[in-house]
Amino acid sequence: MTDEPTLPEGYEISTDPDRVDVGRVHHWLATDAYWAVDRPREKHERAMAGSLNFGAYEVSSGRQVAYARVVTDRATFAWLCDVYVDRPARGKGLGVALVAAVREHLRPYGLRRVLLATHDAHGVYEKLGFRALEKPDEWMAFAYARDADGRQ
């Protein structure tokens, strides 16, 4: 693992669910995140309600610039998902700092593992100690059939 990432100056991270700009986050994910394009707002809100939510914010304006969500039992397992940095805020290290903050927030729970899935950001997560599954043949997934519009 490399040196611990630092949050760029002028930004802060919060787990306060009342600070999350739900509409902004939904827009990001439903229009620009390959894994969540066209996700209905109602489904997004249900997902947030059952998760730990992390936001990165500009200190000066309070405007949200990044988001991450964690599904966990707070004892043995967590799934990191919906990690997104607003396009104008990219390239500053916010994504790496946000995921590092998530990892450190989860550390006291004594989890056995934190999983995630990505098509294109392996390098970002590897900087923080994430690795490909050692035994992917031991993992399985069930996927519900989708309707004609591609929705579950």
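The values are calculated or read from the model by the stated rules, or taken from the named source; none is laboratory data. Nothing here was measured: the structure is a model prediction, and the numbers come from that model. Every residue, glycine among them, receives a Cβ derived from its backbone with ideal geometry; neighbour counts consider all protein chains shown. To get the accessible areas, we keep the full protein, side chains included, count just its heavy atoms, and leave off ligands, DNA and RNA. Shrake-Rupley method; radii C 1.70, N 1.55, O 1.52, S 1.80 Å.
Applying the condition of being surrounded by fewer than 19 Cβ atoms within 10 Å (Cβ to Cβ) and within 19 Å of Asp21 (Cα to Cα) to segment 87-100 and asking which residue is farthest from the chain's Cα centre (by Cα) yields Pro88. Counting only strands (runs of 3 or more DSSP E) that sit wholly inside segment 1-77, those with at least 1 residues that are under 15 Å from the mean Cα position of the chain (by Cα) and free of Cβ contacts under 8 Å to residues at least 24 places away in the same chain are 64-72. Going through (1) more than 21 Å from Val59 (Cβ to Cβ); (2) at pLDDT 95 or above; (3) surrounded by 14 or more Cβ atoms within 10 Å (Cβ to Cβ); (4) over 12 Å from the mean Cα position of the chain (by Cα) one by one, Leu116 falls short only on (4). Restricting Leu80, Leu106, Leu111 to residues that are part of a strand (DSSP E or B) and at pLDDT 95 or above narrows the list to Leu80. Count, please, the residues in segment 97-119 that happen to be over 21 Å from Trp139 (Cβ atoms) and in contact with a Cys (Cβ under 7 Å, 6 or more places away or on another chain). Qualifying residue count, segment 97-119: 0. Taken as a whole, the structure leaves Tyr109 outside the set of residues that are open to solvent by less than 40 Å² (accessible area, probe 1.4 Å), of a type outside the set (Lys, Arg) and in contact (Cβ under 8 Å) with a residue 12 or more places away in the chain. Of the numbered criteria (1) open to solvent by 60 Å² or more (accessible area, probe 1.4 Å); (2) out of contact with any helix residue (DSSP H, G or I) (no Cβ under 6 Å at 6 or more places or on another chain), the one Arg74 fails is (2). Beta carbons closer than 7 Å, at least 6 apart along the sequence or on distinct chains, pair a first residue in segment 121-133 that is part of a loop (DSSP other than H, G, I, E, B) with a second that is among the β-branched types (Val, Ile, Thr) for Lys127/Thr2; Lys127/Val96; Leu128/Val96; Leu128/Val99.
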